[in-house]
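Data block below; observations after.
What follows is calculated from the coordinates using simple rules that are stated; it is not laboratory data. What you are looking at is a predicted structure, and each value in this text was computed from that prediction instead of being measured. Glycine also receives a Cβ, built like all others from the backbone with ideal geometry; neighbour counts cover every protein chain displayed.
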Amino acid sequence: MKIRVGEKADLPRVLELIKELAVYENEPDAVDNTVAQMEVDGFGPNPIYGFFVAENDDHHIVGIAIYYYRYSTWKGKRLYLEDIVVTESERGKGIGKMLFDRTIQKGKEENCTGMMWQVLDWNEPAINFYKKYYNANLDGEWINCNIELG
């Protein structure tokens, strides 16, 4: 398994994995993003996200980790892991850990003070993964908020 920086040509497969995640999270119709928009947002003049891919020996992408930077007034520059996805048939083989570790490494390379992400409260496999390997702080106090602008 090879973990590498994502490229524009990877985006169709990346979007497939994002849609697979949406199905897993019981939101199969929630993904409105497109490959064209992801090209603009990730490879245009002002990229706002980056990603890593897990590629098997056949050069097939079986996992992704998508990240961006955020700023904490208390902590400074932070890396935000938006999504980490391993296709269902490849789960349990350590690929998620490889992607997670590479994302942590990126945060360190970029002098981030930490990494943040979200996990659904019912996603026990993910919660157990974060606790087992990273002793992650799972904060249940904050309520996520959002509004649609479009």
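Here are some notes:
- Chain lengthening between Asp139 and Asn123 when straightened (0.36 nm per residue, less Cα-Cα): 4.3 nm
- Estimated [θ] at 222 nm from DSSP helical runs (n ≥ 4, -39500 (n - 2.57)) normalised by residues in the chain, nearest 500: -10000 deg cm²/dmol
- Rg/Rh, computed from the Cα trace of the range 94-148 with Rh as the Kirkwood radius, has the value 1.00.
- Computed FRET value (nearest 0.05) for Lys131 with Glu110, which takes r as the C-beta separation and R₀ as 30 Å: 0.75
- Relative contact order of the chain, defined on C-alpha pairs under 8 angstrom at six or more residues apart (%): 18
- Label-point separation, Ser89 to Glu20 (7 Å along Cα→Cβ), nm: 0.9
- Pair Gln37, Ala9: separation of 7 Å Cα→Cβ label points (nm): 2.6
- Too-long pairs where the Cα-Cα distance tops 25 Å, listed order kept, from Lys8/Lys131; Lys2/Lys106; Lys19/Lys93; Lys77/Lys131; Lys8/Lys106: Lys8/Lys131
- Calculated over the chain: convex hull of Cα atoms, volume per residue (Å³): 140
- By the equivalent-ellipsoid construction on the alpha carbon gyration tensor, the range 81-123 comes out with semi-axes of 21, 14, 7 Å, ordered largest to smallest.
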